[in-house]
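Each value in this text was obtained by applying a stated rule to the coordinates, not by laboratory testing. What you are looking at is a predicted structure, and each value in this text was computed from that prediction instead of being measured. Positions of Cβ are generated from backbone atoms using ideal geometry, with glycine treated the same way; all protein chains shown enter the neighbour counts.
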Amino acid sequence: MIIRVRVQPRAKRNAIGGQIENEWKLHVTAPALEGKANQACIEFLARELGIARSRVKLLWGEKSRHKVFELEGVSEAEFLRFVAEQKI
């Protein structure tokens, strides 16, 4: 599955918020320095979706708040269930 996110670095906690247009809002506590926010996004998505970090790939947006991730082995239904469980 491919998802588009808008990352909010230095948030109070790691969480995924609602969808704005065609992007999900992803909050991470890490700063946007030296790839730390990218790593935090990958670790958060992998942990919460129960997949290996190697199955979360950053396809686009390494230096942008707007990013595109590939979630290998995750169906759209599983992802939407995960988002519904989040409380932000």
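Some notes on this structure:
- One residue from N14, N38 being more than 17 Å from I2 (Cβ to Cβ) and either touching a Pro at 6+ places or on another chain (Cβ under 9 Å) or surrounded by 17 or more Cβ atoms within 10 Å (Cβ to Cβ) (or both): N14
- Of all residues making up region 57-70, the number that are closer than 17 Å to K25 by Cα and either out of contact with any strand residue (DSSP E or B) (no Cβ under 6 Å at 6 or more places or on another chain) or without any contact (Cβ under 8 Å) to a residue 24 or more places away in the chain (or both): 6
- Complete set of residues in region 14-41 that are part of a loop (DSSP other than H, G, I, E, B) and over 13 Å from the mean Cα position of the chain (by Cα): E21, N22, P31, A32, L33, E34, G35
Residues checked against (1) within 20 Å of I20 (Cβ to Cβ); (2) surrounded by 15 or more Cβ atoms within 10 Å (Cβ to Cβ); (3) under 13 Å from the mean Cα position of the chain (by Cα); (4) among the basic types (K, R):
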{"position": "E43", "(1), (2), (3), (4)": "no, yes, yes, no"}
{"position": "E48", "(1), (2), (3), (4)": "yes, yes, yes, no"}
{"position": "E62", "(1), (2), (3), (4)": "no, no, yes, no"}
{"position": "H66", "(1), (2), (3), (4)": "yes, no, yes, no"}
{"position": "F69", "(1), (2), (3), (4)": "yes, yes, yes, no"}
{"position": "G73", "(1), (2), (3), (4)": "no, no, no, no"}
{"position": "E76", "(1), (2), (3), (4)": "yes, no, no, no"}
{"position": "F82", "(1), (2), (3), (4)": "yes, yes, yes, no"}
{"position": "Q86", "(1), (2), (3), (4)": "yes, no, yes, no"}
